[in-house]
Each structure stands twice: as structure tokens, then as C-alpha cells.
Amino acid sequence: EDDSKVVEYLLKVLVVGDLGVGKTSFIQRYVHNMFDREYKATIGVDFAYKLIQISSDKVVRLQLWDIAGQERYGNMTRVYYKEALGAIVVFDLSRPNTLDSVKKWKQDIDSKVRLPDANESPLPVILLANKCDLVKNSINPTQLDLFCKENGFVKWFETSAKDGTHVEDAANFLVKQILETD
Ligand code: GDP
Ligand code: MG
């Protein structure tokens, strides 16, 4: 095999949401298939990478930017968001008020970063209803569909970083969206 024919795409994806919703845990589960119940606050920003083989000649290097919950109150997000091609907004199903901030995170992203296309389109953004292992039947799918439509989310996923529910599905969906729109 001739490695030189393999094309590698670098995709920068933002992971945002309030403090403690499970951003770092989602990334840990997705990248290392690990879960840590101990809470370590992310300071500023952290990074993780995952290589995804798309086909025999196409590899994606997914760069996940783990942005601390409090950063929206500062002016750093504009710097962190630069050149991102997609985003994941996370809320915590066991703390329904974390859904209130979701709109603010989405607006923060839309107002500070755009795709490098002629229309300066907004980034594809997915919504994660995380910690679904803790609460059963708390989601009204019709309502969340409508919420996504009204706020410009491509899709929502019910996830658990603890047991892995829909973690891969969500990430793979977003990567597919990004590759389709460019
Ligand atoms: P972040 O501040 O958004 O990065 O949140 P963390 O990933 O640090 O998670 C905050 C706390 O919630 C930690 O104690 C995690 O172990 C816990 N946690 C994260 N995701 C889940 C989940 O899906 N289920 C449960 N039960 N706990 C979770
Ligand atoms: Mg964190």
C-alpha cells in the first residue's frame, strides 16, 4: 500500500455547554472509551484528538475543543472558536435548567464563527441531552425536535458519557454533516 495517497482532513469541533453537564466526560468516552466519576473542572480549554478512517484513502483527524463552561462570560470564545467546522452543545438531563443556556451557547457560536464558504453559513451544531442514565422518560421528543428546529440545531441525541449511549452515533453524525457540507 502506498500511504501517500491517503488524504487526511483536520476537523476542528467545539464542545460547549454549562459547567458540569459532561463535556469532558463525553470526549473521554468518545476518544478513550473511559469514564471517570470524579469531577475535575476544565480550565480554559483542553484538546483531544481522534483519528477516524472514513475510507481506504480518507482519514479524518477530529480535533475536539473542550471549552470550560464559564468561558462564555469572558471574551476568549471568539479566539477558541476560530476555524471550527462544527460544534456540540451539551446540557444535563438531570438539571433541566441547563437547557436554558443552550440557546445562549448556540448564539455565542453563531455570532462569533462561520463556515469559510461564500454564504458564511453557520456551523452545523448538534445538541446532546447528556446523563440519560440518570433520568428516564424526561425527554419529550416532539418538543426537542421543535427546539432544534427553532434554534438551528441539525439534530439532538440522548447520550450518556457514563454508559456510552449514543456517544459514537452523535459524533459520527456530526463528522458526516461536516464532510457533506464542504
Ligand atoms: P464538564 O464540566 O461539562 O466538562 O463536565 P464533566 O465531564 O467534568 O462531568 C461533570 C460530572 O458529571 C462528573 O462527575 C462526571 O463524572 C459526571 N457525568 C458526566 N457525564 C455523565 C453521564 O452521562 N452520566 C452520569 N451519571 N454522570 C456523568
Ligand atoms: Mg470539563
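The values are calculated or read from the model by the stated rules, or taken from the named source; none is laboratory data. The model shown is predicted, which means the values in this text are computed figures rather than measured ones. In this analysis, Cβ positions are derived from the backbone assuming ideal geometry, glycine residues included, and neighbour counts consider all displayed protein chains. Each accessible area value is taken on the protein alone, full model and side chains, heavy atoms only, with ligands, DNA and RNA left out. Shrake-Rupley method; radii C 1.70, N 1.55, O 1.52, S 1.80 Å.
Structure values in brief
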item	result
Residue match in segment 63-72 (condition: near ligand 1 (Cβ under 8 Å from one of its atoms) and assigned to a strand (DSSP E or B))	yes
Unmet requirement for Q28, which otherwise passes all of (1) of a type in the set (S, T, N, Q); (2) in contact with a helix residue (DSSP H, G or I) (Cβ under 6 Å, 6 or more places away or on another chain); (3) in a helix (DSSP H, G or I)	(2)
Check on I88, part of a loop (DSSP other than H, G, I, E, B) and touching a residue at least 24 places away in the same chain (Cβ under 8 Å)	no
Checklist (1) under 17 Å from V175 (Cβ atoms); (2) open to solvent by 40 Å² or more (accessible area, probe 1.4 Å) applied to A41, failing item	(1)
Selected residue (criterion: nearest to ligand 1 (Cβ to nearest atom)) from residues of segment 17-53 that are free of Cβ contacts under 8 Å to residues at least 12 places away in the same chain and of a type in the set (A, V, I, L, M, F, W, C)	M34
Residue in segment 82-104 that is of a type in the set (D, E), exposed (fewer than 15 other Cβ atoms within 10 Å of the Cβ) and on the phi > 0 side of the Ramachandran plot present	yes
Residue match in segment 11-34 (condition: among the basic types (K, R), under 15 Å from the mean Cα position of the chain (by Cα), open to solvent by less than 30 Å² (accessible area, probe 1.4 Å) and over 23 Å from L134 (Cα atoms))	yes
Selection within segment 111-154 - of a type outside the set (G, A, S), assigned to a loop (DSSP other than H, G, I, E, B) and under 22 Å from L85 (Cβ atoms)	V113, R114, L115, P116, D117, N119, E120, P122, L123, P124, F153, V154
Answer residue from segment 31-47, given it is more than 11 Å from ligand 2 (Cβ to nearest atom), out of contact with any Lys or Arg (no Cβ under 7 Å at 6 or more places or on another chain) and not in a loop (DSSP other than H, G, I, E, B) and is nearest to V13 (Cα to Cα) among those	F47
Complete set of residues in segment 59-81 that are over 17 Å from the mean Cα position of the chain (by Cα) and either of a type in the set (F, W, Y) or surrounded by 14 or more Cβ atoms within 10 Å (Cβ to Cβ) (or both)	V59, Y73, M76
Yes/no for T181 being under 20 Å from L14 (Cα atoms) and within 16 Å of ligand 1 (Cβ to nearest atom)	no
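Here is a yes/no grid of residues against (1) away from ligand 2 (no atom under 16 Å from the Cβ); (2) in contact (Cβ under 8 Å) with a residue 24 or more places away in the chain; (3) more than 21 Å from V167 (Cα to Cα):
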{"site": "N75", "(1), (2), (3)": "yes, no, yes"}
{"site": "Y80", "(1), (2), (3)": "no, yes, yes"}
{"site": "K106", "(1), (2), (3)": "yes, yes, no"}
{"site": "A129", "(1), (2), (3)": "yes, yes, no"}
{"site": "K149", "(1), (2), (3)": "yes, no, yes"}
